[in-house]
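Notes follow once the structure below has been shown.
The values are calculated or read from the model by the stated rules, or taken from the named source; none is laboratory data. Keep in mind it's a predicted model, so treat the numbers as computed, not measured. We place every Cβ from the backbone using ideal geometry, glycine too, and count neighbours over all the protein chains shown.
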Amino acid sequence: MTDAPQQIEVGPCRRILGVRFFTGTAAEAVRIGLSGGLVVVPAAPALVELERDAPYRDALVNADLAITDSALMVLSWWLISHERLPRVSGLEYLRLLLTKPAVREPGAVLWIMPTPKARERNLDWLRHQGIPATEDDCYVAPLYPKGDLNDPALIDLIHCRRPQQIIVGLGGGVQERLGLHLKRELDYRPGIHCIGAAIGFLSGEQVRIPVWADFMYLGWLFRCLSAPRKFIPRYWRARKLVAIMRKYRDRLPGSR
């Protein structure tokens, strides 16, 4: 284990709920992410847990780059502060990331997937895009418990393979904790990109979200229509983010 590196200066940011959100372009965000460090893409359903979930809060605060994926957060900030922030979605970030030569070379990326089924669907899509990913380039994550996270098997695998980029496709609230664990435990500094369901939107493993719908802040609607029982309760709970932002604005919820 090595000491966790300090956050790097990434350019223009706005502090919201105690987290430094990058306010540059998607292309700039990808360039920074490829240089190494922890990239997080906080969504509204996870952000509402900031008051109660200390490990998740720790992960966001210690990320090197947080992008403005949450449309609800961006709209709420505009209503509260009258400041328009540029939105960079996780889907847009991943689309751009996958065009870069640094992630299209054999062995350059370790993909962390939630299930064997997701691994197979996503690998098939990646191969059709000309990205030479194999099962050896994937790690199917176990079901991590709440609280502080520890995965020595994954650490050993990464130290053995030493990929320059690690792309984490797990659920919000889990992947950020895993990303911080990797940042703190690895003996080198790869790019750690916590992109959540974005790869599934592209591969068809989850509902496909058109570029226009992502641009119009409608990704949540497509997910709700695809699986109402799963996603409607999740996004309904996310409405609490508006009240949390009114209360804390730029301060970190739950901190002392």
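May I ask you to list the residues in the range 194-226 that are outside any helix (DSSP H, G or I) and touching a residue at least 24 places away in the same chain (Cβ under 8 Å)? Passing the criteria: CYS194, ILE195, GLY196, ALA197, GLY204, GLU205, ILE209, TYR217. Per the conditions (1) more than 18 Å from VAL242 (Cα to Cα); (2) in contact with a Lys or Arg (Cβ under 7 Å, 6 or more places away or on another chain); (3) of a type in the set (Phe, Trp, Tyr), the sole criterion not satisfied by TRP125 is (2).
Restricting GLY107, GLY130 to those that are under 26 Å from PHE215 (Cα atoms), assigned to a loop (DSSP other than H, G, I, E, B) and over 17 Å from the mean Cα position of the chain (by Cα) reduces the list to GLY130. If only residues of the range 164-177 that are over 11 Å from the mean Cα position of the chain (by Cα) and crowded, with 19+ Cβ neighbours inside 10 Å are counted, the one that is nearest to ALA43 (Cα to Cα) is ILE166. With respect to (1) assigned to a helix (DSSP H, G or I); (2) among the charged types (D, E, K, R); (3) modelled with pLDDT under 90; (4) surrounded by 20 or more Cβ atoms within 10 Å (Cβ to Cβ), the lone exception for ARG229 is condition (4). Scanning the range 89-116 for residues that are out of contact with any Asp or Glu (no Cβ under 7 Å at 6 or more places or on another chain), farther than 22 Å from HIS159 by Cα and among the hydrophobic types (A, V, I, L, M, F, W, C) yields LEU94, LEU96, LEU97, LEU98. Candidates ASP136, ASP148: the one that is surrounded by fewer than 17 Cβ atoms within 10 Å (Cβ to Cβ) and under 20 Å from LEU60 (Cα atoms) is ASP148. Taken over the range 23-52, the criterion of being over 14 Å from MET245 (Cα atoms) and small (Gly, Ala, Ser) is satisfied by GLY24, ALA26, ALA27, ALA29, GLY33, SER35, GLY36, GLY37. Of all residues in the range 154-189, those that are farther than 20 Å from ASN122 by Cα and assigned to a loop (DSSP other than H, G, I, E, B) total 6. Scan the range 52-76 for residues that are in a helix (DSSP H, G or I) and touching a Phe, Trp or Tyr at 6+ places or on another chain (Cβ under 9 Å) and the total you get is 5.
Counting the residues of the range 232-244 that are assigned to a helix (DSSP H, G or I), hydrophobic (A, V, I, L, M, F, W, C) and within 20 Å of the chain's Cα centre (by Cα) gives 1. Among the residues of the range 17-39, are any closer than 20 Å to LEU170 by Cβ, surrounded by 21 or more Cβ atoms within 10 Å (Cβ to Cβ), in contact with a His (Cβ under 7 Å, 6 or more places away or on another chain) and not polar (S, T, N, Q)? There is at least one residue in the range 17-39 that is closer than 20 Å to LEU170 by Cβ, surrounded by 21 or more Cβ atoms within 10 Å (Cβ to Cβ), in contact with a His (Cβ under 7 Å, 6 or more places away or on another chain) and not polar (S, T, N, Q).
For the range 78-101, a tally of residues being surrounded by 15 or more Cβ atoms within 10 Å (Cβ to Cβ), in a helix (DSSP H, G or I) and of a type outside the set (Phe, Trp, Tyr) returns 7.
Among the residues of the range 40-77, write down those that are crowded, with 20+ Cβ neighbours inside 10 Å and of a type in the set (Lys, Arg). Within the range 40-77, just ARG57 meets the criteria. Whether any residue in the range 9-18 is closer than 27 Å to ARG223 by Cβ and either aliphatic (A, V, I, L, M) or assigned to a helix (DSSP H, G or I) (or both) is what I want to check. Yes, the range 9-18 has at least one match. Scanning the range 33-50 for residues that are within 25 Å of ARG251 (Cβ to Cβ) and part of a helix (DSSP H, G or I), we see that the one that is modelled with the highest pLDDT is LEU47.
A search for C-beta distances below 6 Å between a residue of the range 63-77 that is farther than 13 Å from GLY11 by Cβ and any residue that is among the basic types (Lys, Arg) and surrounded by fewer than 24 Cβ atoms within 10 Å (Cβ to Cβ), counting only pairs 6+ apart in sequence or on different chains, returns THR68/ARG87; VAL74/ARG87.
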